[in-house]
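Asker: Provided herewith is a single structure, encoded as structure tokens, for subsequent inquiry.
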Amino acid sequence: MFDAEVYCQRRRILVDRMSEGGIALFLGNFDCPMNYPDNIYEFRQDSCFRYYFGLNETGLAGAIDLDSGESILFGTELSVEDIVWVGYRPSLKEKGDRISVAAVQPYDDLETYLKKSSKQGRPIYVPPAYRADIRVRLMGWQDQGVIIADSMELVDTIILQRSIKSDEEVAEIEKAITVSHEIQTTVMATARSGMRECELKGLVDAIQTKHGCKNAFPTILTIHGEILHNNDYDNELCQGHLVVNDSGVESPFGYCSDITRTFPVAGRFDSRQKDIYEIVLTAQQAAISAIKPGALFRDIHLLACRVLTEGLNALGLMRGDIDGAVAAGAHALFFPCGLGHLLGMDVHDMEGLGEDRVGYNSQIKRSNQFGLRSLRLARPIQAGFVVTVEPGIYFIPPLLEQWEQQKHCSNFINYEKVKAFMGFGGIRIEDDILVTSNGYRELGPVAPRTIEQVECACHS
């Protein structure tokens, strides 16, 4: 974790920016059972709690008095019997000292504290709860007279604060990307015809564990890249297959990377694969080059869509006016998702606070158009944002069949030629980009990305 002053300053900034009085309550996560109480999933701390209180342990909560500025840490001291099973842990006071919180109380006293504040007419503001156990806990407190109040000001303040990454945070993201670089190059160099996807997935997990990291999200490592979020690993790699490796690392401090590469099992792209790969790479580079403070990320997404459409037109898979095709959403047959998202302590940073709240604003509303409606980030980007840029081209048989039957955008799509690509799979290329005061910086090290680099890595 960072120095105590980092968390102290974050809490001060929150208090200074909030005009509403009351209590800002940040509930840490508890262990979650897999199939019986003592057999638990790997623990993952709530990001908002960890952002303000730093601690990556189960069963904690933090309260910030928005009037006085005082912070209180709530938790449970371990009994000797607990220590027998899990070992020694620092006391609650020692935990508070690590984050400059002098006031600590037992977790069992939290309900009493909240009731007292409510009786004083002081509302309790809680970020949106995404876990069922937290929602149940909140409902139980409300039944006991605790006033849980919605505060869009709190949500917006958290989003504003967490969106701008400090130098320390960027350094943590780059640590995660360094591990991702090792993952990408190792998987490329190892993949061979006859292997199974699960063998490569095992490499991803081993490299993360070696560096004291964990998955930022369930790894996508598949020969079926046309399935955008494919988490199955049962297929055998064969000559001619493309492999999509979309994997992310969470650093020990809780910051994420999200990197995707696509490579040929044979070690060499065939001519069709090269054609599609170059289109995707050109779109990614055009989108990255357009990143600067104040730019609408929706416009950068649409720029990438135009580049993809131009390339598909040149191959005869699409036709007609480029701008007209993009306006009609014809390109979404091949690119039915968004260009990217914010990245930070969550791989889709802060979307638990509300995807539209994070990625849109009062001026930029979400589209209802297929493809464009899946864009997670559309609003103006600012210096300090970290964003992913991940265009792709996917050949999805059920989607093609549906569109052809409906004759959807048939003036822009050459369905007969597209059919020849069914079974091709998909290609995605993704990197993590810091928005700077005068443009952007690619966070690195950057994994092999050009056709020449990828083929070289496959034979290393």
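Asker: Structure shown: which of Lys214/Lys365; Lys201/Lys274; Lys95/Lys116; Lys116/Lys214; Lys165/Lys214; Lys274/Lys419 lie over 28 Å apart, alpha-carbon to alpha-carbon?
Answerer: Pairs exceeding 28 Å: Lys214/Lys365; Lys116/Lys214.
Asker: Under 5 Å between amide H atoms, partner at least 5 residues away or on a different chain: which partners does Val243 have, H built in plane at 1.01 Å?
Answerer: The list, which skips near neighbours in sequence, is Phe263, Val265.
Asker: In nm, what is the difference between 0.36 nm times the number of residues separating Gln406 and Gln9 and their Cα-Cα distance?
Answerer: Result for the pair: 137.3 nm of gain on full extension.
Asker: Between Asp16 and Cys238, what FRET efficiency follows from the Cβ-Cβ distance if R0 is 56 Å, with the result rounded to 0.05?
Answerer: 0.40
Asker: With a ≥ b ≥ c taken as the square roots of the eigenvalues of the C-alpha gyration tensor of region 1-112, please select rounded if a/c is under 1.5 and otherwise prolate if a/b is larger than b/c or oblate if it is not?
Answerer: Prolate is the answer for region 1-112, as a/c is 1.5 or above and a/b outweighs b/c.
Asker: Moving on. Computing the accessible area with a 1.4 Å probe over protein heavy atoms, can you report the carbon and sulfur percentage for the chain?
Answerer: Carbon with sulfur: 51 percent of the solvent-accessible area.
Asker: With contacts defined as alpha carbon pairs under 8 Å and 6 or more residues apart, what's the relative contact order of region 234-279 in percent?
Answerer: 38 percent
Asker: So what's the angle, to the nearest 10 degrees on a 0 to 90 scale, between helix 152-163 and the longest Cα principal axis of the chain?
Answerer: 60 degrees
Asker: Just to be sure I understand the model, the point goes 7 Å from the Cα along the line to the Cβ. What's the resulting Phe43 to Thr209 distance in nm?
Answerer: Reported label-point gap for Phe43 and Thr209 is 1.9 nm.
Asker: Okay, next question. If you roll a 1.4 Å probe over the heavy atoms of the protein chains, what accessible area per residue do you get for the chain, in Å²?
Answerer: 42 Å²
Asker: Would you list which aspartates and glutamates come within 15 Å of Lys292, measuring only between C-alpha atoms, while excluding same-chain residues fewer than 8 positions from it?
Answerer: Once the sequence-local aspartates and glutamates are set aside, what remains near Lys292 is Asp432, Glu442.
Asker: Return the distance in nm (one decimal) between the two label points of a simple spin-label model at Asp97 and Glu355, each offset 7 Å from Cα along Cα→Cβ.
Answerer: Here the modelled spin labels are 4.5 nm apart.
Asker: Output the 0 to 90 degree angle, nearest 10, between the alpha-carbon long axis of helix 167-190 and the longest principal axis computed from the alpha carbons of the chain.
Answerer: Tilt relative to the chain: about 40 degrees.
Asker: Give me the extension gain from Met34 to Val84: residue separation times 0.36 nm, minus the current Cα-Cα distance, reported in nm with one decimal.
Answerer: Gain on extension, Met34 to Val84, equals 15.8 nm.
The values are calculated or read from the model by the stated rules, or taken from the named source; none is laboratory data. Everything numeric here is computed off the predicted structure, so don't read it as measured data. Glycine also receives a Cβ, built like all others from the backbone with ideal geometry; neighbour counts cover every protein chain displayed. Areas reflect the complete protein model, heavy atoms only, side chains present, ligands, DNA and RNA absent. Shrake-Rupley method; radii C 1.70, N 1.55, O 1.52, S 1.80 Å.
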